[in-house]
């Protein structure tokens with residue numbers, strides 16, 4: 001590996017430092033909570049803090065960790081079998097690379113790409129992170145309870161073993177879960193380690209079936225649950241998240257944010273974690 005967890009460029013680090021200075025200032029305000037209490041829901045930032053830093057990069061993830069939030073990321077496999085964090089199959093949209101598939105590039109080729117300047121010149125030189133870099137960052141920087149949602153986009157059988165091994169290596173079995181993979185991959189991941197947690201998007205119509213199967217560890221609900229829904233799942237020792245990811249006013253409905261908070265979910269996947277956190281803070285008794 002040619003770059004370490006701390007190998008973000010100086011300009012990106014400066015912008016992140018400014019953001020975290022603001023957080024430190026807030027901490028001096030009476031009543032400000034510097035991290036999520038264990039019983040409170042945790043905002044899970046979609047692809048990291050994607051509205052404030054380039055998505056699926058170490059700066060976007062580090063900001064989440066410093067702010068006491070979780071995050072979701074996307075896992076893909078390079079030509080030479082390394083696990084990297086990238087949403088699209090093509091590197092074109094979020095790097096300075098051409099429309100080539102990540103599956104046709106070696107890790108060394110991927111690490112040469114600029115994954116930050118498309119978002120803002122301050123992030124010029126930020127690279128596509130590996131899964132190992134990301135998990136090492138979580139281990140080193142998390143500020144209490146967190147949720148790391150591992151969206152499996154494309155894995156080889158060897159990659160499945162690497163995924164489980166890396167989560168074990170960094171002691172994140174309790175904080176992380178894999179989702180979006182097919183049922184066969186989910187079964188193989190569980191066979192590799194029964195403690196490796198499996199999640200799935202679950203709609204209202206399929207809720208009863210998924211409960212009866214009793215395979216999932218994490219229910220990523222695509223509907224706003226009631227208190228009774230959440231209690232029903234908690235009684236079965238399931239983690240309950242609300243998947244409200246996506247951009248636009250439909251995903252910024254503060255009434256929905258307050259409703260799922262009152263339902264006592266464990267966390268919410270969102271593109272607007274900072275705004276959601278502010279609403280939840282005001283909702284607290």
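The values are calculated or read from the model by the stated rules, or taken from the named source; none is laboratory data. The structure presented is a predicted model; accordingly, all values stated were derived computationally and were not measured. Note: ideal-geometry Cβ built from the backbone for every residue, glycine included; neighbour counts use all protein chains shown.
General remarks:
- Condition met for residue 145 (assigned to a loop (DSSP other than H, G, I, E, B) and at pLDDT below 95): yes
- Test result for residue 163, surrounded by 22 or more Cβ atoms within 10 Å (Cβ to Cβ) and either touching a residue at least 12 places away in the same chain (Cβ under 8 Å) or farther than 30 Å from residue 237 by Cβ (or both): yes
- Test: residue in the stretch 208-221 that is touching a residue at least 12 places away in the same chain (Cβ under 8 Å), farther than 25 Å from residue 65 by Cβ and surrounded by 21 or more Cβ atoms within 10 Å (Cβ to Cβ): yes
- Residue check, residue 278 in a loop (DSSP other than H, G, I, E, B) and free of Cβ contacts under 8 Å to residues at least 60 places away in the same chain: no
- Qualifying positions in the stretch 250-271 - in a loop (DSSP other than H, G, I, E, B) and touching a residue at least 12 places away in the same chain (Cβ under 8 Å): 252, 263, 264, 265, 266, 271
- None of 200, 187, 154, 212 is in a loop (DSSP other than H, G, I, E, B) and out of contact with any helix residue (DSSP H, G or I) (no Cβ under 6 Å at 6 or more places or on another chain) except 154.
- Any chance residue 97 is part of a loop (DSSP other than H, G, I, E, B), more than 19 Å from the chain's Cα centre (by Cα) and touching a residue at least 60 places away in the same chain (Cβ under 8 Å): no
- Some residue of the stretch 136-149 being more than 23 Å from residue 41 (Cα to Cα) and either free of Cβ contacts under 8 Å to residues at least 60 places away in the same chain or under 16 Å from the mean Cα position of the chain (by Cα) (or both): yes
- Subset of the stretch 126-151 (residues that are out of contact with any helix residue (DSSP H, G or I) (no Cβ under 7 Å at 6 or more places or on another chain) and either surrounded by fewer than 17 Cβ atoms within 10 Å (Cβ to Cβ) or at positive phi (or both)): 139, 140, 144
- Every residue from the stretch 164-174 that is part of a loop (DSSP other than H, G, I, E, B) and in contact with a helix residue (DSSP H, G or I) (Cβ under 7 Å, 6 or more places away or on another chain): 170, 171, 172, 173
- Yes/no for residue 40 being touching a helix residue (DSSP H, G or I) at 6+ places or on another chain (Cβ under 9 Å), assigned to a loop (DSSP other than H, G, I, E, B), at pLDDT below 95 and within 30 Å of residue 282 (Cβ to Cβ): yes
- Output for the stretch 43-75, where each listed residue is assigned to a strand (DSSP E or B) and either within 24 Å of residue 103 (Cβ to Cβ) or under 8 Å from the mean Cα position of the chain (by Cα) (or both): 44, 45, 70, 71, 72, 73, 74, 75
- The set of residues in the stretch 252-273 being buried (at least 16 other Cβ atoms within 10 Å of the Cβ) and within 22 Å of residue 148 (Cβ to Cβ) consists of 257, 260, 261, 265, 266, 267, 268, 269, 270, 271, 272, 273.
- Residue 224 at pLDDT below 95 and under 21 Å from residue 44 (Cβ atoms): no
- Selection of the stretch 76-91 for residues being assigned to a loop (DSSP other than H, G, I, E, B) and either touching a residue at least 40 places away in the same chain (Cβ under 8 Å) or surrounded by 15 or more Cβ atoms within 10 Å (Cβ to Cβ) (or both) yields 78, 81, 82, 86, 87, 88, 89, 91.
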